[in-house]
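The values are calculated or read from the model by the stated rules, or taken from the named source; none is laboratory data. Given the structure is predicted, the values throughout are model-derived calculations rather than measurements. Counting neighbours? That spans all protein chains shown, and the Cβs are built from the backbone with ideal geometry, glycine included. We work out accessible area using only protein heavy atoms, side chains counted, and drop any ligands, DNA or RNA first. Shrake-Rupley method; radii C 1.70, N 1.55, O 1.52, S 1.80 Å.
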Amino acid sequence: MVATALLAAAAPAAMAVEENGYREPAQVLKDMALAPVTPSLVFDGNYTMRIELTRNTFISLAELAQTELRLAGVRFNPDTYSESRRPGFSDAKLVNMKNGQELSVTGLPAGKTIWCAEFYNDDQNILLGVREDDGIYLYSASVTDGAATRLTDYRLHQVMSSTSYGVANT
């Protein structure tokens with residue numbers, strides 16, 4: 001009897017939702033949810049240059065639908081040798097901290113996700129782990145022109161660390 005009364009009370013509310021259809025939240029809430037995320041920064045050894053990485057705000061549905069295994073509390077994609085459900089970065093640019101000059105990193109594949117970045121020991125180049133459809137590959141870019149090239153056709157194994165450049169079996 002109580003269940004029937006609850007269903008009867010909930011029915012008008014459910015019908016109201018159906019009549020009105022999908023409703024979007026207020027613009028203030030949408031702006032907060034879709035606001036740009038603070039970039040991640042990587043500094044060179046002398047703090048004269050930095051890599052500014054633009055974070056992906058959300059993970060795509062296609063990525064969420066990919067194969068996922070769990071081992072010792074770690075979720076990973078066995079096809080790409082990488083953690084799953086990690087948004088990564090969509091863009092990288094080099095910033096000269098003395099004069100503020102910015103230089104975009106170019107030469108990366110379309111649809112890529114930058115997984116990690118750091119400076120070489122000589123601070124003249126940067127290393128980038130870039131996730132493509134079948135795995136993460138190692139790229140190098142010059143700090144003078146930002147042009148990136150793939151260093152190897154071997155996939156990287158990046159399940160446990162975002163900056164380890166271990167090569168996975170292919």
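Over region 15-129, with the other protein chains present, what is the accessible area per residue in square angstrom, probe 1.4 angstrom?
Working: 7470 Å² over 115 residues.
Result: 65 Å² of accessible area for each residue.
If each residue of separation counts as 0.36 nm, what is the full-extension length gain between residue 151 and residue 40 once their alpha-carbon separation is subtracted?
On the way: separation 111, 0.36 × 111 = 39.96 nm, distance 2.37 nm.
Result for the pair: 37.6 nm of gain on full extension.
Ignoring ligands, DNA and RNA, please state the percent of accessible area on region 91-137 from carbon and sulfur, probe 1.4 Å. Don't skip to the answer; put the middle values down first.
Numbers: 890 of 2270 Å².
For region 91-137, the apolar C and S fraction of the accessible surface comes to 39 percent.
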Q. Which of the peptides 30-39, 124-133, 96-105 is most tightly packed, and how do the rest follow, going by the mean number of other Cβ atoms within 10 Å of each residue?
A. 124-133, 96-105, 30-39
Q: Could you pull the accessible area for residue 58 with a 1.4 Å probe, rounded to 10 Å²?
A: 130 Å²
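How much length is gained if the chain between residue 98 and residue 124 is pulled fully straight, taking 0.36 nm per residue apart and subtracting their Cα-Cα distance, in nm to one decimal? Working shown, then result.
Numbers: separation 26, 0.36 × 26 = 9.36 nm, distance 1.57 nm.
Net length gain for the segment: 7.8 nm.
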Q.
If amide hydrogens are placed 1.01 Å from N in the peptide plane, which non-local residues have theirs closer than 5 Å to the one on residue 136?
A. 156
